[in-house]
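Enquirer: Please find one structure pasted underneath; my questions will follow.
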Amino acid sequence: METRTLTLHVWRQNGPTGTGSFKTYEAKDVNEHMSFLEMLDDLNEKLISRGEEEITFDHDCREGICGACGMVVNGYAHGPRERTTTCQLHMREVFKLGWTEVWIEPWRAKAFPLVKDLMVDRSAFDRIQHAGGYISVRTGSARDANETPIQKQIADSAMDAATCIGCGACVASCPNASASLFTSAKVGHLGTLPQGVPEREIRVRNMVAQMDAEGFGSCTNHGECEAACPKGISVDWIARMNREFVRAMVTAKDDVDARD
Ligand code: SF4
Ligand code: FES
């Protein structure tokens, strides 16, 4: 089993209004089978035993599911391995690249205010979801799923969009800090399925409006979001959302004209 010593430059910032800076640590005996977060756990234990304050970072499932563990590793959102969250990144992947120094930063976007060190507040995503990420059904009386036949092609397409874990890597990697990939995945997931059709227009209008209100930037087709996305969400969903949005705005205008 290979072990190495790494020099880590970690962003330390004591709260949203504090002035942050990189602090350098020596991480000794990092073994190849550790995950990136386990390497930070180990460093934190050493910091605590020395009476120093541990590094704050977000995590939950450590299985690539919850989307909490976002951080920028040597300039890559979630680290250098494609389609991999930070919690699923193993140190052998870092060793393979020959990195001896690693710079670790939080997501940087106005709409994701920093909480502390590497942790940011991603509740802007929750508010986008609340604006339209639902379907109207009577709770407690859900119909059997098999009552609504859905072509496999459509189910597969909806599932592709539904794999978005809301991690925010798309925002962190975009030069405009755009949330278009996230929002389009949520709009696309529900809008593709028959159960989501009744709210299709209001959903896209409200979710796009909320995305803008949160202060995310515009999409200018860089494609960095798709490259950084651990779930491989395609930028095609952004094009679909834009078409859906134009359609919904035209429908809304027609409704107003018909009432006048
Ligand atoms: S689209 Fe990808 S990168 Fe963006 S929040 Fe969803 S899973 Fe994360
Ligand atoms: S901790 Fe849940 S995806 Fe990484």
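Just so it is clear, none of the values below were taken in a lab; they were calculated from the coordinates. Just so it is clear, the structure is predicted and the values come from calculations on it, not from any experiment. Neighbour counts are summed over all protein chains in view; Cβ atoms, including those assigned to glycine, are modelled from backbone coordinates with ideal geometry.
Enquirer: Name the residue, out of Gly132, Gly20, Gly188, whose mean-square fluctuation peaks in a Gaussian network model built on the chain with Cα pairs under 10 Å.
Expert: Gly20
Enquirer: When every alpha-carbon pair in the chain is counted, what percent end up more than 27 Å apart?
Expert: Beyond 27 Å sits 44 percent of the P(r) for the chain.
Enquirer: Then there is this: Pull up the cross-link candidates among the aspartates and glutamates for Lys152, meaning alpha carbon to alpha carbon under 18 Å and not fewer than 8 places away within one chain.
Expert: Qualifying aspartates and glutamates at Cα under 18 Å: Asp144, Asp160.
Enquirer: Relative contact order for region 3-105: what percent, with Cα pairs under 8 Å and sequence separation of 6 or more?
Expert: 32 percent
Enquirer: Right, here's the next one. Beyond 23 Å between alpha-carbons counts as too far, so tell me which of Lys186/Lys231; Lys110/Lys186; Lys28/Lys96; Lys116/Lys231 fall in that bin.
Expert: Lys116/Lys231
Enquirer: Using only Cα atoms, find the angle between the long axis of helix 200-213 and the longest principal axis of the chain, and express it within 0 to 90 degrees, rounded to the nearest 10.
Expert: Long axis of 200-213 versus the principal axis of the chain: about 40 degrees.
Enquirer: Further question on the same structure: Under the classification rounded if a/c is under 1.5, otherwise prolate if a/b is larger than b/c and oblate if not, where does region 123-259 fall, given a ≥ b ≥ c as square roots of the Cα gyration tensor eigenvalues?
Expert: It is oblate, given that a/c is not under 1.5 and a/b is not larger than b/c.
Enquirer: For labels at Lys253 and Lys152 in the simple 7 Å Cα→Cβ model, what's the distance in nm?
Expert: So the two model labels end up 4.2 nm from each other.
Enquirer: Select from Lys186, Lys96, Lys28 the residue whose mean-square fluctuation is largest in a Gaussian network model of the chain (Cα-Cα springs shorter than 10 Å).
Expert: Looking only at Lys186, Lys96, Lys28, the biggest GNM fluctuation is shown by Lys96.
Enquirer: May I pose another question? Which of Leu47, Ser141, Ala239 sits farthest toward the positive end of the charge dipole of the chain, with +1 on the Cβ of Lys and Arg and -1 on the Cβ of Asp and Glu?
Expert: Farthest along the dipole direction, towards plus: Ala239.
Enquirer: In whole percent, what relative contact order does region 73-212 give with Cα contacts below 8 Å and a gap of six or more residues?
Expert: Taking the mean separation of contacting Cα pairs over the length of region 73-212, I get 25 percent.
Enquirer: How tilted is helix 123-132 with respect to the longest principal axis of the chain? Cα atoms for both, answer in degrees (0 to 90, nearest 10).
Expert: Computed tilt is about 10 degrees.
Enquirer: Note down the nm distance, to one decimal, between modelled labels 7 Å out along Cα→Cβ at Asn221 and at Thr84.
Expert: For Asn221 paired with Thr84, the spin-label model returns 3.2 nm.
Enquirer: About the Cα centre of the chain, what is the dipole size in debye to 20, counting +1 per Lys and Arg Cβ and -1 per Asp and Glu Cβ, all else neutral?
Expert: So the dipole magnitude of the chain works out to roughly 440 debye.
Enquirer: Output the relative contact order of the chain, whole-number percent, from Cα pairs under 8 angstrom with separation of 6+ residues.
Expert: About 18 percent, as a whole number.
Enquirer: How big is the charge dipole of region 113-260 about its Cα centre, in debye rounded to the nearest 20, if each Lys and Arg gets +1 on its Cβ and each Asp and Glu gets -1 on its Cβ?
Expert: Around 180 debye, computed over region 113-260.
Enquirer: Between Arg62 and Ala145, what FRET efficiency follows from the Cβ-Cβ distance if R0 is 30 Å, with the result rounded to 0.05?
Expert: 0.50
Enquirer: Also, I was wondering about something else. Be a star and scan region 45-85 for residues whose amide nitrogen sits under 18 Å from the point 7 Å along the Cα-to-Cβ vector of Asn31.
Expert: In region 45-85, the label zone of Asn31 (backbone N under 18 Å from the point 7 Å along Cα→Cβ) covers 45-46.
Enquirer: Another one. Order by neighbour count: Met211, Met91, Met1, Met249, fewest other Cβ atoms within 10 Å first, most last.
Expert: Exposure proxy ranking, most exposed first: Met1, Met249, Met91, Met211.
Enquirer: Continuing with this model, one more query. Taking the chain as a Gaussian network, Cα atoms linked when under 10 Å apart, which of Glu226, Glu93, Glu53 shows the biggest mean-square fluctuation?
Expert: Looking only at Glu226, Glu93, Glu53, the largest GNM fluctuation is found for Glu53.
Enquirer: In region 3-105, what is the volume of the convex hull around the alpha carbon atoms, normalised per residue and reported in Å³?
Expert: That works out to 102 Å³ per residue.
Enquirer: Now for a different question. Tell me, Val204, Val197 in order of fewest to most beta-carbon neighbours within 10 Å?
Expert: So the ranking, lowest neighbour count to highest, is Val197, Val204.
Enquirer: Also, quick follow-up: Relative to the first principal axis of the alpha-carbon coordinates of the chain, what is the inclination of helix 180-192, with its axis defined by its Cα atoms, in degrees from 0 to 90 and to the nearest 10?
Expert: Result, in degrees: 40.
Enquirer: Another question about this same structure. Could you tell me how far the Cα centroid of region 170-196 sits from the Cα centroid of region 103-155, in Å?
Expert: 9 Å
Enquirer: Quick one: order His78, His222 by neighbouring beta-carbon count within 10 Å, fewest to most.
Expert: So the ranking, lowest neighbour count to highest, is His222, His78.
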